[in-house]
Amino acid sequence: MAALGWLTPRRRSATARSVLAGEASAEAARKTSQELEELAHEAAPEGAEPDFPVHGDDRAAAFFDLDNTVMQGAALFHFGRGLYKRKFFESRELYRFAWQQAWFRLAGVEDPEHMQDARDSALSIVKGHRVAELMSIGEEIYDEYMAERIWPGTRALAQAHLDAGQKVWLVTAAPVEIATVIARRLGLTGALGTVAESVDGVYTGKLVGEPLHGPAKAEAVRALAAAEGLDLGRCAAYSDSHNDIPMLSLVGHPYAINPDAKLRKHARTLDWRLRDYRTGRKAAKVGIPAAAGVGAVAGGTAAAIALHRRRR
């Protein structure tokens, strides 16, 4: 931490939390990847054929943001719908989260006070629930709400990396266990997601570090690449959001997928590759900022399950 000495105490604390969140997520992801690799990959749906990756390069990997990159909409919103259906919370809480989602959509900014309030409320919903219970529910909710919302074009990009013999990871602010369910269903290697503390398999209602968003995503990718012996200059990253510019900037092959206005402008300036799989009015399909991440997404009660056990 000595290298952070020049920062103010507040920025030093924020940086430390990002590093902690990134390292915790990378550790959780590596624990699940071996099991996921043993599962057969599903056939890729029809979609655009990428002009990358390089076959046989085992020091390369791909990192995909989830919301509006791999999946239409926010995973947490869909998960929240499933939790509400299963009576994890009452209507007044659903209305509260819906208002927060609407606020993020209209304002287009990330207010720390709103995010903190949403995250605390969401975590309180799953406090005391078992990790295994949420994982099982996540499997059901994937089938109910998520499977039909996978972008075929992005799925084809991920499959191209798998076919080239490379590992493919989701990187998302969604809870790591829900992200892992999605990764497994898509035949991917694993997932980096927000890690929440649990003791003896039961959620405590606390996060490890902070939500895996923005700089924390970059820290997670950096930590995982070091552990896996990857060369980031050979790796690819895919996202729809300008919030993921830190992650995209880490790799040698950044892609802007269904990009928001800020990311589109940035990508054009730096001559990054762009892919847009949306149809109709694109602006209407641009999702909530990823930072709404754990908790601010409607239904997003889900933030609730920012997951995985913190080692003690």
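Brief remarks follow.
- Report note on the peptides 133-145, 60-72, 256-268: ranked by the mean count of other C-beta atoms within 10 Å, highest first, their order is 60-72, 256-268, 133-145.
- With R₀ set to 25 Å, the beta-carbon distance separating Asp276 from Asp57 gives a calculated FRET efficiency near 0.40.
- Gain on full extension, evaluated as 0.36 nm per residue between Ser249 and Thr204 minus their Cα-Cα distance, stands at 12.8 nm.
- Contour minus Cα-Cα distance for Asp163 and Ala16 (0.36 nm per residue): 49.2 nm
- Taking every C-alpha pair closer than 8 Å and separated by at least 6 residues, the mean separation divided by the residue count of segment 210-262 gives a relative contact order of 37 percent.
- Förster radius 51 Å - calculated FRET efficiency between Arg130 and Lys265 (Cβ-Cβ, nearest 0.05): 0.70
Every number here is computed from the coordinates shown, using simple stated rules; none is lab data. Just so you know, these numbers come straight off a predicted model, no measurement behind them. With ideal geometry, Cβ positions are generated from the backbone for all residues, glycine too; neighbour counts draw on all protein chains shown.
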